Each structure stands twice: as C-alpha cells, then as structure tokens.
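The values are calculated or read from the model by the stated rules, or taken from the named source; none is laboratory data. Only a predicted model underlies this, so the values are computations on that prediction, with no experimental measurement involved. Here the Cβ positions follow ideal geometry from the backbone for every residue, glycine too, while neighbour counts run over all protein chains shown. Side chains are part of the model used for accessible areas, which takes the heavy atoms of the whole protein and leaves out ligands, DNA and RNA. Shrake-Rupley method; radii C 1.70, N 1.55, O 1.52, S 1.80 Å.
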Amino acid sequence: MKVFIRTFGCTLNQSDSEVMAGLLVKAGHKLVNDVKEAELVLFNTCTVKDNPEKRFFSELAKVLAMKKMVVVAGCVPQAEPGNELLRTVSVVGVRNLSSIAYVVDQASRGNVVRMLEFSNNPRLNLPKVRKNPVVEIIPLCSGCLGECTYCKTRLARGKLLSYDAKAIKQQLESAVADGVKEVWLTSQDCGAYGKDIGSSLPTLLKELLVVEGDYRIRVGMINPNHMLEFIDDYISILKNPKVFKFAHLPVQSGSNRILKLMKRKYVVEDFVKIAKRLRKEIPMITLATDIICGFPGETEADFEMTYKLMERLRIPVVNITKYSPRSGTPADKMQKLPTKVIKPRSKRLMELQARIADNREWLGWQGNIIIDEIGKTIVKNISFVGRNDYYKPVVVKSRQGQKGRQDHKKLKLGDVIEVRVVAAAQHFLEANKYG
Ligand code: SF4
C-alpha cells in the first residue's frame, strides 16, 4: 500500500516514525510524501500540549473525509485510550511499534485493532528510514521517573524503561557504519537513564564513546536533579571531542514555590549552580532550557523571578511555552490563570530573549562545521546549515560571482568544512567558507 506518515512532537516521536517507516517498507509498503497519494495515513501523535493534539484531530477529520484508511500511533491514544474520536480507527501504542506492519495490514482489511499494552517489545536495532541521512536518533529509554503535575507525556510513556547498553552501542556502531555524522541520544529525561537497571547516563556514554568513527553525539534533555548527581563525570564526557558542547536542562520556572507546585525535583539554585559550573569548565557551551509561562498560581512576583533568572543567566536557547491544562494531569484541577495574564508574560520573555540571546560572542569564530541541513534556496543561492562542536547552527550561503560559488555547489550533507562567522542572529550564525 502507499503509506503517508504524519509525525507530530519530539525527537523521540520522530525516531519512532523512522522505525515504523522502516518496518512498513520491509513489509513491502511504499512511503509517499503527499497525503493525497496515500491509501493509508499513519499519524504519530503528540500530547505534550494542546496545539499539536488539536492539529492532529483536525487533520484526522480531513483524512477520514477523504476516505483514507488510518492508523494512529504515539502519545494521544496511549495517554487517552478511551478517547471517543479514536474509537473507529486502529491504534498502536508507544511500546508496540514493532507490530506496526500487522496493524496496518489489519486496517487495510477493514479491521479495527487496538495495541496499547505496555509491553517490552524490542525498540532498538530495527529497520528504519532516516529523515536525515546524516542524523541517527537513538532512544535511550522510554518513560521517566518524574511526577510533574503539568505533564501528560508520562501518562503515555509510563515509568522508566532503560534500554540495554549493548543494544544502544550496537545501534550506534551500525549508524556510524552507515556514515551518519550526528547521533542524537533522546528520551523524556536522558538523566534518568539506567536508574532502573543499575547503571547511569555517564556510564553508558563512556561505553559508547569507545566506538570509532567521525561522528558527534548530542545528548538530549536532562533534568537538573539528575545532572547534579553526576556533573563531575558529565563534564569530562562533554570535553570528549566526539560530544557536542551542548546541554539541555529544562528549568521551567525561576520560582521555587512554582517548582514545588509543578513537583519538579530541584530548586532554582541547583539550576544556577549547574549552569555556572558548566560554563566555568566549558566557557562557550551552548545551554538550552524550557520555561512554562503562566503555570496555575504563578503570581507577578513568581514571574519576575523567572524573568530575572533568564536576564541574569543569558541562556542562548530558551523554549518558552504558555501553560495549557492537559486532561488527566494534577495541574488540570488547579485554578488556571486568565489568558490575558499569561500572554503578556510570555511576550515579555520572548522580547527579553530576542534582546539578550544575540550570539554576538560568536562573531569572528573560525572552525569546522558538519553540514546537516540543506537550507532555503534564496534567488539561486543555495544555503547550507551546519553545526559546530557547540551545536550552534551556522548558515553558509553561496555568493553570486564569488570564486567560492563553485565550491558551495559541491557541498553535501555530512561534509565537514572550515568557516568563519561574519554575522550573528538570535537563532543562528552566518559564516563564509574559509580557505
Ligand atoms: S520528567 Fe516530568 S515533564 Fe518530563 S516526561 Fe517525565 S513527568 Fe513529564
């Protein structure tokens, strides 16, 4: 059959879709890039916020109206198995990806199949179709150890299930043999890895870093409470040339009172200590964080604490989210702030970020980048995007009539080139090819 896969959500969901694509191709199906061409549409859904879920349901209605066959995977059916809107379609849960070919086959016969058990089916070293040929995504575990009151993901992904280190290493080895240049290690909380199997994230990373090859590892989100436990070890790992000098630590709020209401397992001072320590040891490290704006009960004073924290730490990458209640979560029962209070707060934070996170400290930087994205084609000028060792996105544009134009045309994904930064913006650097 011709199958169109529509993916919503995080890096882990993207990896789940790559595996489902691989299993469907192995079963003889053909992947198409246009929903109109498809006989069956596979939705891989996200429940972390209102928007992606609403968008999914509106697209589902359209696809059903087009009389397409449908299978729904991911966090929406897993977190809400009783959802009325999903009663008539086949669903496959986050722990049953390996059964996708069977579910699609049943759906093509007009049967409605529901596979939502929390089984320990294999998740690694399965066939896959990479979205980006130079990027390998490896999930370290499913679930987490958190009880965050706003989070619906944990209702979908469940309790922590760490994957076997040998299986993770095997997947890394075969990906490097395939020529990938970037390896994204991902999960809800990479910092929780191994806590259910007597291991830890640093232990795993040390085992992985013996794998030969010219690649870079990007480690996904780590909750501050876990980073505190192994920061010394983690700093020496970050200094390994194969590891991107990048750390994503979601702080969520600058107020300890709000962190308590969120049931986060650290205090603001912990986050500040970690940020300062990482910067002391790796001065240009790229720190990333997440902020939830307008959590129930957030007063003006709580918000000012968040604002001041961001102003003080000047974190270059901040994902700012306006709080939206998620059904089935403890926070959903809390008194919600009016939108007219939440909106201006997130606007102020966005403006702050636009003002302070200007990357000007990177002007004049010279070094290597891995080309991992073919950018927009602007008036015959192709732009390429690469990442340096600090996981900074660097745009390299070809220039009309410059000797370099010929060179740029030959650039391809995975190439490593030396560049010099000539301009800096909030979300990317701009560089010329050097030499
Ligand atoms: S750590 Fe918290 S926010 Fe993250 S997935 Fe787990 S419960 Fe959700």
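Going by the structure shown, is L155 assigned to a helix (DSSP H, G or I) and within 16 Å of the ligand (Cβ to nearest atom)?
Working: assigned to a helix (DSSP H, G or I): yes; within 16 Å of the ligand (Cβ to nearest atom): yes.
So L155 fits the description; yes.
Can you give me the ranges of the helices (runs of 4 or more DSSP H) entirely in the stretch 1-116 with at least 1 residues that are modelled with pLDDT under 95 and β-branched (V, I, T)?
Those helices (runs of 4 or more DSSP H) do not exist here; none qualify.
Please name all residue pairs, on different chains or six or more residues apart, with Cβ atoms under 7 Å, provided the first residue is in the stretch 206-223 and is within 16 Å of the ligand (Cβ to nearest atom) and the second residue is β-branched (V, I, T) and not in a helix (DSSP H, G or I).
Short answer, once both residue conditions are applied: G220/T186.
Since M227 meets every condition but one in (1) open to solvent by 10 Å² or more (accessible area, probe 1.4 Å); (2) within 16 Å of the ligand (Cβ to nearest atom), which condition does it not meet?
Here M227 meets the rest and fails (1).
Quick check: is even one residue across the stretch 120-135 open to solvent by less than 40 Å² (accessible area, probe 1.4 Å) and more than 23 Å from the chain's Cα centre (by Cα)?
Checked against the condition, which is being open to solvent by less than 40 Å² (accessible area, probe 1.4 Å) and more than 23 Å from the chain's Cα centre (by Cα), the stretch 120-135 yields no hits at all.
Any chance the stretch 243-261 includes a residue that's within 26 Å of V134 (Cβ to Cβ) and open to solvent by 40 Å² or more (accessible area, probe 1.4 Å)?
No: the stretch 243-261 contains no residue that is within 26 Å of V134 (Cβ to Cβ) and open to solvent by 40 Å² or more (accessible area, probe 1.4 Å).
So R326 passes all but one of these: (1) in contact with a Cys (Cβ under 8 Å, 6 or more places away or on another chain); (2) under 18 Å from K392 (Cα atoms). Which condition number does it fail?
Against the list (1) in contact with a Cys (Cβ under 8 Å, 6 or more places away or on another chain); (2) under 18 Å from K392 (Cα atoms), R326 comes up short only on (2).
If the requirement is being surrounded by fewer than 17 Cβ atoms within 10 Å (Cβ to Cβ), closer than 24 Å to W184 by Cα and hydrophobic (A, V, I, L, M, F, W, C), which of these qualifies: A167, A156, A101, A61? Walk me through it before giving the result.
Values: A156 fails: surrounded by fewer than 17 Cβ atoms within 10 Å (Cβ to Cβ); A101 fails: closer than 24 Å to W184 by Cα; A61 fails: closer than 24 Å to W184 by Cα.
Testing whether each residue is surrounded by fewer than 17 Cβ atoms within 10 Å (Cβ to Cβ), closer than 24 Å to W184 by Cα and hydrophobic (A, V, I, L, M, F, W, C) leaves just A167.
If you check every pair at least six apart or on different chains, which have Cβ atoms under 7 Å apart with a residue in the stretch 172-201 that is outside the structural domain of D16 (by TED's automatic domain parsing) first and a residue that is basic (K, R) and in a helix (DSSP H, G or I) second?
Once the first residue is outside the structural domain of D16 (by TED's automatic domain parsing) and sits in the stretch 172-201, its partners that are basic (K, R) and in a helix (DSSP H, G or I) give Q188/R157.
Can you tell me which residues in the stretch 110-141 are touching a residue at least 60 places away in the same chain (Cβ under 8 Å) and either touching a Ser or Thr at 6+ places or on another chain (Cβ under 6 Å) or within 16 Å of the ligand (Cβ to nearest atom) (or both)?
Result: I137, P139, L140.
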